[in-house]
Amino acid sequence: MRNLGEGIQQLVGVPPHLFNAYLVDGILVDACTPAASRRLLRQLKGAEVTAHLVTHAHPDHFGSSHAICESLKLPLWAGADDVQAIETATPVTGPGRIPALMAKMKMPPPHPVDRALREGDEVGSFTVLEVPGHSPGHIALWREKDRTLICGDVFYRLPKVSGPWRITTVDLDQNRESMRRLAALRPRLVLFGHGRPLRDDPDRLARAAG
């Protein structure tokens with residue numbers, strides 16, 4: 001694992017930075033795809049992990065959640081408006097033919113959510129922000145003292161900082177509002193669901209948000 005800041009480690013992905021997971025104050029944030037479970041568990045061996053949090057109910061973020069929660073006996077936390085999607089393994093999709101076809105693909109195993117997170121909840125040293133659009137219950141994590149933001153998929157960095165892909169986003173206008181909200185925080189460190197961390201360049205978020 002790679003140290004990124006106070007209480008934050010990034011688990012190594014394959015390929016690096018494509019599907020990200022983080023250990024934040026002993027909480028595993030996101031769990032990549034179903035194929036990642038053995039790799040994630042191997043990296044977490046010996047670490048003190050108290051819970052698992054999912055930023056949003058897409059299969060490349062809760063793909064290994066069931067396997068990890070079962071193996072490590074962890075409670076699962078997620079945004080309140082994404083709980084049903086995770087517990088039934090039926091993510092909400094956007095409009096159009098391609099999202100409808102994607103919804104018919106095999107989904108990860110469902111898993112019960114132990115804690116439904118809302119705006120203002122405390123998660124370790126971070127505060128939960130409700131930032132819907134990419135999914136109905138998408139959440140981000142914000143730490144004011146050092147201006148660190150874990151944004152999930154409100155933004156991508158692949159490699160350009162941008163909004164998420166249209167075909168994977170439930171409500172583009174709503175996500176744009178979430179992008180503007182997060183950009184207005186002027187974070188010093190941004191951790192993405194997809195892409196490398198961004199340090200000391202808040203204007204890049206602002207430009208992407210429009």
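The table for this structure:
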read-out	value
Peptides 9-15, 154-160 ordered by average Cβ neighbours within 10 Å, highest first	154-160, 9-15
For segment 92-210: accessible area per residue (Å², 1.4 Å)	50 Å²
Charge dipole (debye, nearest 20) of the chain; +1 at Cβ of Lys and Arg, -1 at Cβ of Asp and Glu	820 debye
Residue-by-residue Karplus 3J(HN,Hα) for segment 132-141, coefficients 6.51, -1.76, 1.60, Hz, glycine and proline x	x, x, 5, 9, x, x, 4, 10, 10, 10
Extension gain (nm, one decimal) between Arg188 and Glu119, 0.36 nm per residue minus Cα-Cα	22.7 nm
Pairwise FRET efficiency - Leu158 versus Arg181, Cβ, R0 = 25 Å, nearest 0.05	0.70
The chain: antiparallel DSSP beta bridges as a percent of all, rounded to 5	60 percent
Charged-residue dipole, Cβ positions (Lys, Arg, Asp, Glu), segment 1-106 about Cα centre, Debye nearest 20	540 debye
Spatially proximal aspartates and glutamates relative to Lys45 (Cα-Cα < 19 Å; intrachain offsets below 8 disregarded)	Asp25, Asp30, Glu70
Segment 1-115: projected area of the alpha-carbon convex hull, averaged over directions, in nm²	7.2 nm²
DSSP H segments from the chain that extend 20 Å or more along their own axis, Cα-based, with Kyte-Doolittle mean of -0.5 or above	none
Compactness of the chain - radius of gyration and Dmax, Cα, Å	15.5, 45
Loop-located trypsin sites (Lys or Arg not before Pro) in segment 103-148 whose Cβ has at most 14 other Cβ within 10 Å (DSSP)	Lys104, Lys106, Arg118, Lys145
Gained length - Asp200 relative to Glu87, 0.36 nm times residue gap less alpha-carbon distance	36.9 nm
Share antiparallel - DSSP beta bridges, segment 92-210, percent rounded to 5	70 percent
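The values are calculated or read from the model by the stated rules, or taken from the named source; none is laboratory data. It should be emphasised that the depicted structure is a prediction, and the values quoted were computed from it without experimental measurement. Cβ coordinates were reconstructed from backbone atoms using ideal geometry, including for glycine residues, and neighbour counts include every protein chain displayed. SASA here: full protein model, heavy atoms, side chains in, ligands and nucleic acids out. Shrake-Rupley method; radii C 1.70, N 1.55, O 1.52, S 1.80 Å.
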